[in-house]
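Student: Questions regarding the structure given below will be posed in turn.
The values are calculated or read from the model by the stated rules, or taken from the named source; none is laboratory data. All values reported here derive from a predicted model rather than from experimental measurement. Note: ideal-geometry Cβ built from the backbone for every residue, glycine included; neighbour counts use all protein chains shown. Please note that ligands, DNA and RNA were not included when accessible areas were found on the heavy atoms of the full protein model with its side chains. Shrake-Rupley method; radii C 1.70, N 1.55, O 1.52, S 1.80 Å.
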Amino acid sequence: MKKRHFGLIGFPVGHTMSPFIHGELFRLAGIDADYTVFSVSPEGLAQPEEKERLLGLDGFNVTIPHKQAVMTLLGKIDEKAAAFSSVNTVKNENGCLCGFTTDGEGFQKSLRAAGIPMGGKNLILGSGGVSRVMAFELADAAYFPDLTICVRESGLSSARELADTLTERLRREQKDFLVRVCRYDELDPAESYDLAVNGTPAGMHPNTHTIPPLPAELYQNISAVFDAVYNPEDTLFLQTARRAGAVAVGGMDMLVWQAAAAQRIWYGAEFDPQRVAEISRSAILEMNRMFGGAKE
């Protein structure tokens with residue numbers, strides 16, 4: 001069987017763990033494949049030669065800032081990716097680039113592995129690509145979705161757009177729901193949440209000492225938190241929530257599970273959850289070796 005070629009496009013992509021994770025998954029599946037990182041500027045993505053290069057791959061992943069822009073290059077888009085307006089996985093089907101999203105599956109499986117239910121009252125921090133995916137997944141999973149989207153002043157426009165899209169979707173599904181938008185300084189510290197999820201880059205390497213600006217007292221009223229940031233493995237957000245008694249889960253499991261889902265799309269792979277958990281632990285060790293996270 002001939003060697004297969006996969007990759008990642010993003011900008012910048014200097015701190016990605018995807019080559020390590022996909023390499024471990026290829027090894028586990030017994031697949032002869034390589035995985036190359038391509039730094040592609042927003043201007044470069046629109047060039048015809050970039051699409052030609054991507055057509056030379058069997059499939060590729062997409063990260064910030066291209067998850068929406070890449071959709072203009074695709075011949076087909078999966079229903080879920082279209083609903084989320086976000087593509088993170090592309091399969092080359094005989095010259096047709098087909099777009100999918102696996103971020104939601106990675107998020108779901110991360111929560112499940114940690115024993116965190118998805119049907120309660122949710123606080124979503126941020127309104128960008130990852131926050132959008134998590135909001136849709138939480139809305140879909142709940143019998144009565146209760147979502148508060150919290151952003152800085154500069155994010156209010158995109159947060160309202162997300163809230164409008166969720167509202168339209170939930171009305172079509174004839175669900176009873178609550179969807180709110182607020183700024184961080186409008187949060188009531190006495191309010192309780194079953195789950196708070198961070199889809200912002202606050203706390204991400206190298207800015208590890210930053211944190212979403214939640215009222216300090218609010219942490220006492222949050223049962224569980226999930227941080228999509230995976231580098232470092234233990235963000236200041238997670239540390240603060242854990243000290244307040246919350247279950248706290250970082251983003252590495254989500255990254256590994258969405259990679260496993262991408263490989264299922266590319267060539268039909270299925271992975272045992274225990275083995276995926278082992279790869280996640282290995283990826284954390286490798287990340288700490290590469291970036292010095294264990295010393296922080």
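Student: Beyond 31 Å between alpha-carbons counts as too far, so tell me which of LYS51/LYS175; LYS91/LYS121; LYS76/LYS121; LYS2/LYS67; LYS51/LYS121 fall in that bin.
Tutor: LYS51/LYS175; LYS91/LYS121; LYS76/LYS121; LYS51/LYS121
Student: Continuing with the same structure: Tally Lys and Arg at +1 and Asp and Glu at -1 over the other residues with C-beta under 13 Å from the C-beta of LYS121: what net charge comes out?
Tutor: Combined, the nearby Lys, Arg, Asp and Glu give -3.
Student: Using θ = phi - 60° and the Karplus curve 6.51 cos²θ - 1.76 cosθ + 1.60, what whole-Hz ³J(HN,Hα) does each residue of the stretch 134-148 get, with Gly and Pro shown as x?
Tutor: Coupling constants for the stretch 134-148: 5, 4, 5, 5, 5, 5, 5, 7, 9, 5, 10, x, 9, 10, 10 Hz.
Student: Picking from LEU236, ASN198, ALA277, whose Cα lies most toward the positive end of the charge dipole for the stretch 138-296 (charges on Cβ: Lys, Arg +1; Asp, Glu -1)?
Tutor: ALA277
Student: Any chance you could check the Cα centroid distance between the stretch 181-235 and the stretch 2-44 for me, in angstrom?
Tutor: One Cα centre to the other: 30 Å.
Student: Another question, then. Between ILE265 and ARG171, what is 0.36 nm times their sequence separation minus the Cα-Cα distance? Round to one decimal in nm.
Tutor: 30.8 nm
Student: Among 136-146, 185-195, what's the highest-first ranking by average C-beta atoms within 10 angstrom per residue?
Tutor: Most protected by this proxy first, the peptides run 136-146, 185-195.
Student: Quick one: putting +1 on the C-beta of Lys and Arg, -1 on the C-beta of Asp and Glu, what dipole do you get for the chain around its Cα centre, in Debye to the nearest 20?
Tutor: Dipole magnitude for the chain comes out near 400 debye.
Student: Continuing with this model, one more query. Looking at the chain only, what percent of DSSP beta bridges run antiparallel? Nearest 5 please. Intermediate results must be reported in sequence, preceding the final value.
Tutor: Working: 8 of 44 bridges.
Roughly 20 percent of the beta bridges in the chain run antiparallel, per DSSP.
Student: OK, next. Could you please report the charge total around PRO145, scoring K, R as +1 and D, E as -1 over all other residues with beta-carbon less than 14 angstrom from its beta-carbon?
Tutor: Charge balance in the 14 Å sphere: -1.
Student: At 1.4 Å probe size, put ARG27, ARG171, ARG132, ARG4 in order of accessible surface, largest to smallest.
Tutor: ARG171, ARG27, ARG4, ARG132
Student: Leaving out ligands, DNA and RNA, what percent of the accessible area of the stretch 39-184 is carbon and sulfur, probe 1.4 Å?
Tutor: Of the solvent-accessible surface of the stretch 39-184, carbon and sulfur hold 48 percent.
Student: ³J(HN,Hα) across the stretch 166-174 via Karplus (A = 6.51, B = -1.76, C = 1.60, θ = phi - 60°), whole Hz, x for Gly/Pro?
Tutor: Result, ordered by residue: 4, 4, 4, 5, 5, 5, 4, 7, 6 Hz.
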